[in-house]
Amino acid sequence: MSRNIQTAILVSLSSIFLSIPFLVPGTGFVSLFAFVPLLLAENIATSEERRGFCWWHYLCFVLWNAATTFWVCNATVGGGLFAIFANAFQMSLVFGIFRWSRKHLQGALPYIFLAFLWIAWERYYLTRAQISWPWLVLGNSFARSTGWIQWYEYTGTLGGSLWIWASNLTLFGLLNAFLSGAWKTWNIKARIASLAGLAVLLVFIPLSSLLLKPGMDGVGLDVTVVQPNIDPYNKFGGMTQEEQNSLLLSQMNSSEGSAGTLFVAPETFTNDVVTDAVQASPTVSLFQGFVEAHPGTSFLFGASSRTFLQRRSRPSETARQLRDGRWMETHNSALMLNGGEDPQIFHKSKLVVGVESMPYPSLFRHLDEMLGGVMGRDVGQKEVSLLNCKGADGRSIPLGCAICYESVYGEYCTEYVRKGAEALAVITNDAWWKDTPGYRQHLSYSSLRAIETRRWIARCANTGISAVIDPSGKILAKTSWWKPEVLHSRIGLRTGETFFVSHGDFIGRISVLMALLILLGTLVRRFTSR
């Protein structure tokens, strides 16, 4: 077998193994050995001093991204291709830096550097990057294998990334030792220690989840999740807002609406909300009438809202100027209605790059205006805020509402709980991608948020899948895909904070520190070994 064929097989195996957990439920364990073939191929290439291996590991990451996130192209072909190739390039860059470090570091240190550097890059994606696409964070591999990762309440999703790297590197080290014959030179203590470490990684860590229970719930809250099933490609042209309102209202009127019930409708349901005159919206007025006709109920729904500003100077880099000289800012918002109270409003903070937000506006704004304004320019809140609904006893219940893409960001969602949220809601519209793995992956990430925060989640998707998720990440009830349905359930209300909520992403922070220290040591060795 030629070296190129051998490399192609190994690279293809890694791309397949990395993809399986994101496509097949219950297969998160595959990620624990997914990198081993790629590491073997890299080790062979390095030992033989072969050139051009960078193209092979880039191919591996392109195949992984394409197999798992090809569905983005259904919404935007250009954006989907950019996400695949640009994300793969960043992964390949991290792997390339690891390969460079092998020229200056010995033993296991370059591999330890690879693990910390990868996780540090994932943390950057989850926190500071303006062009952010954290869909394939390694810890997300277990989103549909939640029985294995109840300990995410301590570590968050990047704890899963660390577990995956530790397992892969241990398996690779042992396999490489067998193949090279080094295993025969190890003494009995080294052999026992290596096998014991492997047992901890592959057996004891997943079994530890059996010991972790979410605890007891407090008073419950009745929820009615309304899935209208409106095709988003016809939403703004095929149906008037009045027709959409009538459809949703008919579903709500046919549902249970006793005191203390929270009705939940999807993201961007209406586009007639102006932020400084919310009650003037025909949709808000109609639904306010509904909750007043059903005393004690509350209604949470999404809106594409606008803020008009009377000023000559540009209020922000992303504002658009209207013909009458006013400036307009747009938002992806969530509104909460309680009978007899002013509407509450929250603006989405984590915005989808290109579609909702313009990254680095000082750089891209002029180009976007030359192209006719093709990029989204939504403005989000700098800090999260809670929305309050009414319980059966009239108590005001604080909720955190993640709007669509925000539910992918674990540490971001903990901010709701730190502010006092007793339950979480997710409102979204996942039909842009059609019947592909995208909406199923997005649903599964809400299970991770439930475990990290130990909060119940009521999730409403325009076309599915809407669901109720308990604090262990288990989906207790869900709707069908692409069907109008109403889901009645009850969620628990909880106080207190998990370790992850209280302390944040400590694994990500440690990884950044360790990656920087090893990188600094590598540079020192590089320039002092001449």
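The values are calculated or read from the model by the stated rules, or taken from the named source; none is laboratory data. No experiment lies behind these values; they were computed from the predicted model shown. No Cβ is skipped: glycine too gets one built from the backbone with ideal geometry, and neighbour counts run over all protein chains shown. The area values use the complete protein model at the heavy-atom level, side chains included, leaving out ligands, DNA and RNA. Shrake-Rupley method; radii C 1.70, N 1.55, O 1.52, S 1.80 Å.
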Can you sort 12, 101 by 1.4 Å-probe accessible area, starting with the largest?
-> 12, 101
Counting only protein heavy atoms with a 1.4 Å probe and every protein chain in place, the carbon and sulfur fraction of the accessible surface of segment 178-276 in whole percent equals 64
Alpha carbon centre of segment 440-472 versus segment 355-413: separation in Å?
-> 18
Tabulate in residue order the Karplus-calculated ³J(HN,Hα) for segment 245-252, using 6.51 cos²θ - 1.76 cosθ + 1.60 with θ = phi - 60°, rounded to whole Hz; enter x for Gly and Pro.
-> 4, 5, 4, 5, 5, 5, 5, 6
Nearest 10 degrees, 0 to 90: what angle lies between the long axis of helix 282-293 and the longest principal axis of the chain (Cα atoms)?
-> 80
Residue 196 versus residue 310: modelled label distance in nm, points set 7 Å from Cα along the beta carbon direction = 7.6
Once the Cα atoms of helix 361-370 and of the chain are each reduced to a long axis, what angle between those two axes, in degrees from 0 to 90 to the nearest 10, is obtained?
-> 70
Whole-percent carbon and sulfur share, accessible surface of segment 1-128, 1.4 Å | 68
Accessible area, probe 1.4 Å, largest first, for residues 329, 49, 383 | 49, 383, 329
Degrees separating the helix 77-101 axis from the principal Cα axis of the chain, which is the longest one = 30
Per residue accessible area in Å² of segment 470-513, where ligands, DNA and RNA are left out and the probe is 1.4 Å = 50
Under 22 Å Cα to Cα from residue 213, which lysines show up? Leave out anything in the same chain fewer than 8 places away.
-> 474
Just the projected area, averaged over all directions, of the convex hull on the alpha carbon atoms of segment 156-251: how many nm²?
-> 12.9
Could you list the trypsin sites (Lys or Arg not before Pro) in segment 71-121 that lie in coil according to DSSP, counting only those with at most 15 other Cβ atoms within 10 Å of their Cβ?
-> 103
Rounded to whole Hz and in sequence order, give me ³J(HN,Hα) for segment 349-360 from the Karplus expression 6.51 cos²θ - 1.76 cosθ + 1.60, θ = phi - 60°, writing x for Gly and Pro.
-> 9, 8, 9, 6, 4, x, 6, 10, 10, 9, x, 6
For every helix of n ≥ 4 consecutive DSSP H residues, a contribution of -39,500 (n - 2.57) applies; sum these over the chain, divide by its total residues, and give [θ] at 222 nm rounded to the nearest 500 deg cm²/dmol.
-> -14000 deg cm²/dmol
Rounded accessible area per residue of segment 49-95, 1.4 Å, Å² | 47
Rank 145, 508, 371 by how far each Cα sits towards the positive end of the charge dipole of the chain (+1 on Lys, Arg Cβ; -1 on Asp, Glu Cβ) and give me just the farthest.
-> 508
Probe 1.4 Å, all protein chains in place: accessible area of residue 127 in Å², nearest 10?
-> 50
Pull up all non-local amide H partners of residue 498: gap of 5 or more, or a different chain, and H-to-H distance under 5 Å with H placed in the peptide plane.
-> none
Quick note, segment 413-530: a/c under 1.5 would make it rounded; otherwise a/b > b/c is prolate and the rest oblate (a ≥ b ≥ c, C-alpha gyration tensor); here it is oblate
Sequence neighbours fewer than 8 away in the same chain don't count; with that in mind, list the lysines whose C-alpha is under 21 Å from residue 419.
-> 348, 350, 382, 390
Antiparallel DSSP bridges in the chain: what percent, to the nearest 5?
-> 60
Net charge dipole size for the chain [Lys, Arg +1 and Asp, Glu -1 on Cβ; Debye, nearest 20] | 2220
Starting from the amide H of residue 223, placed 1.01 Å from N in the peptide plane, find each other amide H under 5 Å away whose residue is 5 or more places distant or on another chain.
-> 262, 489, 490, 491
Once the whole set of protein chains is in place, how much accessible area is left on residue 125, using a 1.4 Å probe, in Å² to the nearest 10?
-> 10
Show 480, 466, 255, 362 ordered by accessible area, largest first, where the area counts protein heavy atoms only and the probe is 1.4 Å.
-> 362, 480, 255, 466
Kindly list the residues of segment 204-243 that lie in the label zone of residue 259, defined by a backbone N under 18 Å from the point 7 Å along the Cα-to-C-beta vector.
-> 219-223
HN-Hα J couplings of segment 475-482 from phi, Karplus 6.51/-1.76/1.60, θ = phi - 60°, integer Hz, Gly and Pro as x?
-> 7, 7, 8, 8, 9, 7, 7, 6
On the accessible surface of segment 380-530, probed at 1.4 Å, how many percent belong to carbon and sulfur atoms?
-> 58
Could you tell me what percent of the DSSP beta bridges with both partners in segment 385-451 are antiparallel, to the nearest 5?
-> 45
Mean accessible area per residue over segment 318-417 (1.4 angstrom probe, all protein chains present, square angstrom) is 42
Reach of residue 478 by Cα under 19 Å, taken over lysines that are not fewer than 8 positions away in the same chain | 434
Filtered trypsin sites (Lys or Arg not before Pro), segment 438-513: DSSP coil and at most 13 other beta carbons within 10 Å = none
Exactly which trypsin sites (Lys or Arg not before Pro) in segment 229-322 are in a DSSP loop and have at most 16 other Cβ atoms within 10 Å?
-> 311, 312
Among 519, 529, 464, which residue has its Cα positioned farthest towards the positive end of the charge dipole of segment 427-530, with +1 placed on the Cβ of Lys and Arg, -1 on the Cβ of Asp and Glu, and the dipole taken about the Cα centre?
-> 529
